[in-house]
Amino acid sequence: MLLVMLGTSVLQGCDAFRRLAGRPTSDEIAAKQEVIQREEAAHQARMDSLSRIEKAKADSLAILDEIKKSGEVFLPLASLRRADTKGLDKRYYIIVGAFWNADNASWLASKIANAGYEVVKIPYGNGFIAVGVGGTDALAHLWDNLRKVRTESFCPKDVWILVNE
């Protein structure tokens, strides 16, 4: 009997003894190692994602501080009283003008579009029409857009930032 067991163990290796002892086989160990590696990789990916989010948040706060120090005015969309929000799919817009006369708003909008910017006209509830440029969801892009727009001939000194919340 001992000879049979010895012959079997030579043919099957350590897995036979592991199985007899109720221990995992080498295939089971390898499978578990793969599962652990996948879980560790997924965990590391989550940690990397959190780090990117934390960095983006810190960068946004720094940019927001920089914008506020520059004296820029932020105005929430709700303060415009019943402004039509159709076509406002971004969080921030740089408002370069507001007009009673729709023709004046269209004239400025076409001038801005000819300069290569994407333009949006935003009607207020009180009849004014605001002309906005640089629509973006990211503060970093907003700050870059604002600095660029300020160099354009169509940009007045009293621009403000619309926050579409």
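A few remarks follow.
- Of note, residue 159 does not satisfy the criterion of being aliphatic (A, V, I, L, M), closer than 11 Å to residue 93 by Cα and either in the same structural domain as residue 57 (by TED's automatic domain parsing) or touching a helix residue (DSSP H, G or I) at 6+ places or on another chain (Cβ under 6 Å) (or both).
- In segment 111-140, the residues that are part of a loop (DSSP other than H, G, I, E, B) reach residues that are of a type in the set (Phe, Trp, Tyr) with C-beta atoms within less than 8 angstrom, at least six apart or across chains, in these pairs: 115/154; 127/100; 128/99; 128/100; 137/92.
- If you go through segment 12-71 and keep only what is closer than 30 Å to residue 136 by Cα, of a type in the set (Lys, Arg) and surrounded by 11 or more Cβ atoms within 10 Å (Cβ to Cβ), you end up with just 68.
- Among the residues of segment 110-128, those that are among the hydrophobic types (A, V, I, L, M, F, W, C) and modelled with pLDDT of 90 or more comprise 112, 113, 115, 119, 120.
- Taking the numbered list (1) modelled with pLDDT of 85 or more; (2) loosely packed, with under 13 Cβ neighbours inside 10 Å; (3) closer than 30 Å to residue 55 by Cα in turn, residue 145 passes all entries but (2).
The values are calculated or read from the model by the stated rules, or taken from the named source; none is laboratory data. Here the structure is a predicted model, which is why all the values come from computation and not from measurement. Don't worry about glycine lacking a Cβ; one is built from the backbone with ideal geometry, like all the others, and counts go over all protein chains shown.
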